[in-house]
Every structure is written in C-alpha cells, then in structure tokens.
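The values are calculated or read from the model by the stated rules, or taken from the named source; none is laboratory data. Keep in mind that this is a model prediction, so the values were computed, not measured. Glycine also receives a Cβ, built like all others from the backbone with ideal geometry; neighbour counts cover every protein chain displayed. Accessible surface is based on the protein model in full, side chains and every heavy atom, while ligands, DNA and RNA are left aside. Shrake-Rupley method; radii C 1.70, N 1.55, O 1.52, S 1.80 Å.
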Amino acid sequence: MSTTSLTSGMRTTRGANFKWLVPTLYIIFLLLPIYWLVNMSFKTNQEILSTFSLFPEAPTLANYAVILTDPSWYNGYINSMIYVVLNTVITILVALPAAYAFSRYRFLGDKHLFFWLLTNRMAPPAVFALPFFQLYSAFGLIDTHIAVALAHCLFNVPLAVWILEGFMSGVPKEIDETAYIDGYSFPRFFVKIFMPLTASGIGVAAFFCFMFSWVELLLARTLTVTDAKPITATMTRTVSASGLDWGVLAAAGVLTIIPGALVIYFVRNYIAKGFALGRV
Amino acid sequence: MEKTFNNKAWFLVLPVFFLVAISAIIPLMTVVNYSVQDTFGNNQFFWAGTEWFREVLHSSRFYDALLKNLAFSAIILLIQIPLGISIALTMPKKGIWVPVCLVLMALPLLIPWNVVGTIWQVFGRADIGLLGYTLANLGIDYNYANNAVDAWITIIVMDVWHWTSLVVLLSYAGLVSIPEAYYQAARIDGASRWKVFRYIQLPKMNRVLLIAVLLRFMDSFMVYTEPFVLTGGGPGNSTTFLSIDLVKMAIGQFDLGPAAAMSIIYFLIVLLVSWAFYTVMTNYDADAPEKGVQD
Amino acid sequence: MDLSWMAWTVPTALFFGTIIFLLILMGVWEYAKPGGSPRVGILRFETTRGDRLFLSLLGSAFIHLAWLGLVGPDLWWALGLSLIYAICVFRWV
C-alpha cells in the first residue's frame, strides 16, 4: 500500500483548518455512550438510581469485585474465551489451504463454490438457530465449547477464506514457482515461505474471526445451558431478572469491551486493509 | 493474475467444504423438512404440504416484518454510506492521529452486540441515562420503551453508532491507496475539490464501497440482537424484525412448521439480493484490470 | 445415530435428490466440456452454465412462492411454469 502523503494534494485553501472537526465530533459521538457505561460501572447501584452525575462521586470497585469473585460471572468470560479461541484456530487452519487454492488455481466449480461459501456469511443466524440445536443435540454436543466454536465456523470460515484470498492474490505467483524449482515440497513451501509472506493477512483474518465470534449472541445462547454459557448470555439473563443491579451490569459490559480493544490495538496498522478484505 | 487450471486444488478446499457443508447443508435440509410437516413434539411429524407456506404468505405479520426490515436496511444504507465516506475524506492520512482515529473508530465494532443494546438501553433512559436525562431536561418527550417513533430513532442511531465505522474504515482503505501523483495531476489541471472527489477518489473507492454496501445490507437485513435487547421488538410490534419474529416463533413458541417456512422465504430473499450484489461486485472486479498490480 | 429429528419425508428427499443429481450432472458436463460456455445474454453480463442453473432454481423457487401466495395450492402449474422459465434462462440468459 502506498504510504505517500495525501494531505498536501488534498488541501484546499478554505475549510482545511476545520477538517479535523468531522472525525473529532464522530469520535466523541462514539465514545459518549461507552464513557457513560464506564462511569456507571464505578458507581454503586444506590448512586446510579438516586443521583445523576457525570462523574462517580464515590468511585468504587465493588461492581468489578462482584464479577471477579462470583464463578457464575467470571466463568462466562472463560467460556467465551475458550470457544472464541477454538473457533479462530479451527477457522484459520481450514481456511488457509482453501484460500490458497482459490487464489492460485481454477478448478471444477470454483466460482460457484466461492459464492456458496459467501452465502453462508450472509445467511441470517436466526434461520439456523433451531436446526443447529437439533443437530448438536443428536451428537450430544449441547453445552460444550466445541459446539459453539463449530457453529460460528458457519460465518467465520467464509469470511476468513474471502479475506485470505484477497491478501494471497497480492503475493506474486513467481514466488511459488521459484520455490518449487528450488525443490520445496508444497507443505514446506507453504509453512516456511508463503505463510510468513501473508502473515498480515492471517493476522487480520484471525482478528475478524475473533471479532465475529466474540460479538455473536444468538447461536452461542441457543447452544449452551450452563457449562459453556458465554458472558453475553449471562448478561441478557440478568437483564430479565427483577431487582436489576445496574452497576454490576455496566461493569460486566466494560469487561467485554476490553478484549476487543486490546486486539484492535495489535492489528491497528492492518485494520483498514483488513476491513477492505485485502482488496485494496 | 493468471490462474492455472488444476482440479487437484479441490483437495485444498475439501476441509472447508466439509466443515461448512455440515454446518450449512444439514440444517438447511432440516428446515426444508420441517416446513412441510406439523409436529407436537417428540420427533413425531405429520405431513402438512404447503400449508405453512400459504399461512406465511397470507399473513400480514410476515409482510409487516419484511417491510420493517427493508425500511431499516434502506435507512441504514442512506445514512451510513454518505456519512462514512465524508468522515473518511476528512480523516488525517498520516501522523500519530491515524492509529488513534482507527483504534477509537473500530471500538464499537468489537463490542458484543447485546452489550451494544445494553449500552443504548441505559444511555437513553430518562432516569439514569445521559441522553435520556439531557433530552428530558430540555423538555423533549422521549421514551423508546413506549413510543414507536422514539424506538425506531434509537435503533437507527444505535446502528449508526455501531456500524458506520465499518464504512469509514473501508472508504479510508480505498482512499490511502490513491497515489499522490493523481492529486498532483489534478492540481496542475486546476480541478475543483468536487472534481477531485468525483473523478479520482470515488472511482478508487468503488470496489470497497461495494463491499461496504454488501456487508451493511446483509447485516442490517438480519439484525437481531441489538433491537431485541433494546426493546424486545416493542413497543407493540413496532420493532419486530424478521429475525426477532422468527426466533420468537421457533424457539419461544416451538411452531416449527411456520418458522421453517418463514426461514426459507427469508433465506431465498437474502440469496437473491446477495447474488445480485455479488454479481455486480465480481463484474466490477473483472472490469478493473489494475486489481492486484497497483502499489 | 438417531436422525429422526431431521424428519425426512419422501417428497423432500426427492427434492434434494433432484438437486444433487442436477449438481452432479453439471459437474460431469463441465468435466466433459470445460469452460462453462460463457456468454453475454439478456442480463448484459457474462454467465456460465452454473449461473444459469442457479438462476433457474432460484427463479423457480420464487415462481412457486408467488403461485402459492397469489393463485392457489395446486403447484403442478407452478412447476410447469418453472420448467418453461428454466428453458428460457438456458436459452437466452
């Protein structure tokens, strides 16, 4: 990607000084609701309901203490983490060779196969929720982490193939040919030469798998009961209970944002290209 | 890139094929089987023919939900695409503010969807939420739990908050790939700001914008979690989208037959629209020979 | 393994059997005559055999739904209409 400056070319004489205003206002709009959640998470339930203040008057960590000491809360995080990581590993492992095949070869039915994969990314999870429940019941997999991980493959595998194919198409084919002439076998070439070349693409694909598995609720909730119940489901079940503790709910919400924020930070340089699915 | 024809490539695709086939084809077959039968539980099924399809196709409830979905997707696209492009155009292109902008903007995308619902549920409440409190103090009557218009506005603002960044990031990726020489040429020609946008920036963003429209349409058309958490489909049925209705029917009331028939119709519509978008996208790629050789 | 939850019936099995048979047929056809005979038809963009089959099947599904919604439960007419539609797709698209 070209890293040359564009600002000099795009600057017009008038208005240029106020250009920063648009993204700034947008970011403030994005951060206000998140700030409010963080603000609430440091208040006691009493303070939330009785007084209205922009800052916590008596900051407390009690809400976080509740979550980090109660197994029914913190197990939710552990469960979510387990199936998200499982899903990411499975997805990347199967998507890598497939994306290579799509980026390098034409074969019988390739275009239709690719479109069929994409339709699964576009299919509404609501359509699949019930048959998934039946399917995994038949295999005795309900309430296990692997069930959720496999179910999320439905939309993550197509996406990973799509992203990786975009990144791999950017690697010149001459590299493959040279390696084969040098006597590399396909697996050795793939692991030693090709994967390092597409490392950013693999990172971005893993990021997207993490993201879409982490944020999904419907399938994860349908396929779990207690042992593998994700944190997102724990939260919705609390919402419906009477005598809602807003402070704890806010703290739980803040804790679900942190993993995402950390992951974004690590892929920040590739994030724009990644969202363009490697096609820029 | 010239691809070689080799059917052995199928072996590389087989793992993906089997994994997705199990997750997609078996459930799809099951849905089709359910759609033509009636059940009272215990895996006992009775032939019902096309009854459920007729029921769904003649129910105003289905058309209501479908209309709501289409309206929602249209509003979302009309707001998010222009807004996303204008934010991407004004974003800094280099310097320390670039990663700051990117990370902060991507933040809403990484928040679990039900937490997004919770955040706005709290934010809009008149007693404890900043937005609701402020509006109430300004004398504006706003209550997303009782008023259908307020509920719709909240859901749309929530979706703009949640997903506009996707459009911004995609457009931004398209913009930074434009070589500086293009702008210099435009400056020498004395092109106006609008002409630079129309003839240099927009064509370069076309492909990523198509991806943005495709992803935004699909995701807004299957919206479930955020409105479900925020309003539960209410007040009344005013925010009951297809997905919400479907889950209510299939898992809440266990009406497998009608739910399956509705799933199939829903799926066919999605299939038609994604095919149309995909065809436009691939034909655009085919018409743009510079793919993969730029930089 | 208990598969009774899938609730197979003869008509749906026939339906999926037909689709699988069509896909195999397309595979064999493609193997015998590779390339998919691409051409630009009335839709103004290039389509291959596979695209035409997909359009025929998707269109038939909508024809059946429209028949159920607008006319009545007798689907044999819709099936006939779909066949005519499929022939048109393979001829002109």
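Before moving on, here are some points about what is shown:
- Looking at B:Thr118, B:Thr90, just one residue is hydroxyl-bearing (Ser, Thr, Tyr) and open to solvent by 10 Å² or more (accessible area, probe 1.4 Å), and that residue is B:Thr90.
- Qualifying positions in region A:100-118 - in contact (Cβ under 8 Å) with a residue 12 or more places away in the chain and out of contact with any Phe, Trp or Tyr (no Cβ under 8 Å at 6 or more places or on another chain): A:Ser103, A:Arg104
- Checklist (1) in a helix (DSSP H, G or I); (2) more than 8 Å from every other protein chain (Cβ to nearest Cβ) applied to B:Leu19, failing item: (2)
- Yes/no for A:Ala147 being within 7 Å of another protein chain (Cβ to nearest Cβ) and under 25 Å from B:Phe254 (Cβ atoms): no
- Within region A:114-132, the residues that satisfy the criterion of being more than 7 Å from every other protein chain (Cβ to nearest Cβ) and surrounded by fewer than 20 Cβ atoms within 10 Å (Cβ to Cβ) are A:Phe114, A:Trp116.
- From the options B:Thr134, B:Thr90, B:Thr118, residue that is out of contact with any Lys or Arg (no Cβ under 8 Å at 6 or more places or on another chain), hydroxyl-bearing (Ser, Thr, Tyr) and facing chain A (nearest Cβ under 8 Å): B:Thr118
- The number of residues in region B:192-225 being of a type in the set (Lys, Arg), open to solvent by 20 Å² or more (accessible area, probe 1.4 Å) and in contact with a Phe, Trp or Tyr (Cβ under 9 Å, 6 or more places away or on another chain) comes to 2.
- Identity of the residue in region A:78-113, over 15 Å from the mean Cα position of the chain (by Cα) and more than 11 Å from every other protein chain (Cβ to nearest Cβ), that ends up least open to solvent (accessible area, probe 1.4 Å): A:Asn79
- Cβ-Cβ under 9 Å pairs, at least 6 apart or on other chains, region C:16-44 side over 14 Å from C:Leu55 (Cα atoms) and of a type outside the set (D, E, K, R), far side part of a strand (DSSP E or B) and open to solvent by less than 90 Å² (accessible area, probe 1.4 Å): C:Gly36/C:Thr47; C:Pro38/C:Thr47; C:Val40/C:Thr47
- The listed residue being without any contact (Cβ under 8 Å) to a residue 40 or more places away in the chain and at the interface with chain A (Cβ under 9 Å from one of its Cβ atoms), out of B:Pro99, B:Pro82: B:Pro99
- Filtered residues of region B:252-280 (kept if among the polar types (S, T, N, Q) and either facing another protein chain (nearest Cβ under 9 Å) or within 16 Å of C:Leu58 (Cβ to Cβ) (or both)): B:Ser263, B:Ser274, B:Thr279
- Within region B:200-252, helices (runs of 4 or more DSSP H) holding 3 or more residues that are closer than 24 Å to B:Ile119 by Cβ and of a type in the set (Val, Ile, Thr): B:225-231
- The set of residues in region A:143-154 being outside any helix (DSSP H, G or I) and open to solvent by less than 40 Å² (accessible area, probe 1.4 Å) consists of A:Asp143 alone.
- Among the residues making up region B:22-56, those that are surrounded by 19 or more Cβ atoms within 10 Å (Cβ to Cβ) and under 30 Å from C:Pro34 (Cβ atoms) are B:Ala24, B:Leu28.
- Only residues that are hydrophobic (A, V, I, L, M, F, W, C) and within 7 Å of chain B (Cβ to nearest Cβ) were counted across region C:4-14, and they come to 4.
- Enumeration of residues in region B:23-58 that are among the hydrophobic types (A, V, I, L, M, F, W, C) and facing chain A (nearest Cβ under 8 Å): B:Ala24, B:Ile26, B:Leu28, B:Val31
- Pairs with Cβ under 7 Å, 6+ apart, first in region B:170-198 and facing chain A (nearest Cβ under 10 Å), second in a helix (DSSP H, G or I) and open to solvent by 40 Å² or more (accessible area, probe 1.4 Å): B:Ala173/A:Lys273; B:Gly174/B:Lys204; B:Ser177/B:Lys204; B:Ile178/B:Lys204
- Residue list for region A:118-150, filter: within 20 Å of A:Leu86 (Cα to Cα) and of a type in the set (Val, Ile, Thr): A:Ile142, A:Thr144, A:Ile146, A:Val148
- Taking the criterion of being outside any loop (DSSP other than H, G, I, E, B), surrounded by 11 or more Cβ atoms within 10 Å (Cβ to Cβ) and within 11 Å of chain B (Cβ to nearest Cβ), the residues of region C:32-52 that qualify are C:Glu46, C:Thr47, C:Asp51.
- Residue count for region A:160-184, restricted to those that are under 14 Å from A:Pro97 (Cβ atoms) and among the small types (Gly, Ala, Ser): 1
- Options B:Leu19, B:Leu67: the member that is free of Cβ contacts under 8 Å to residues at least 60 places away in the same chain, under 25 Å from the mean Cα position of the chain (by Cα), open to solvent by 10 Å² or more (accessible area, probe 1.4 Å) and more than 30 Å from B:Thr154 (Cβ to Cβ): B:Leu19
- Selection status of A:Ile27, more than 30 Å from A:Pro187 (Cα to Cα), touching a Gly at 6+ places or on another chain (Cβ under 7 Å) and at the interface with chain B (Cβ under 7 Å from one of its Cβ atoms): no
- Selection of first residues in region A:46-66 that are within 14 Å of chain B (Cβ to nearest Cβ) and of second residues that are outside any loop (DSSP other than H, G, I, E, B) and β-branched (Val, Ile, Thr), restricted to Cβ pairs under 8 Å at least 6 apart or on distinct chains, gives the following pairs, ordered by first then second residue: A:Asn63/A:Val248.
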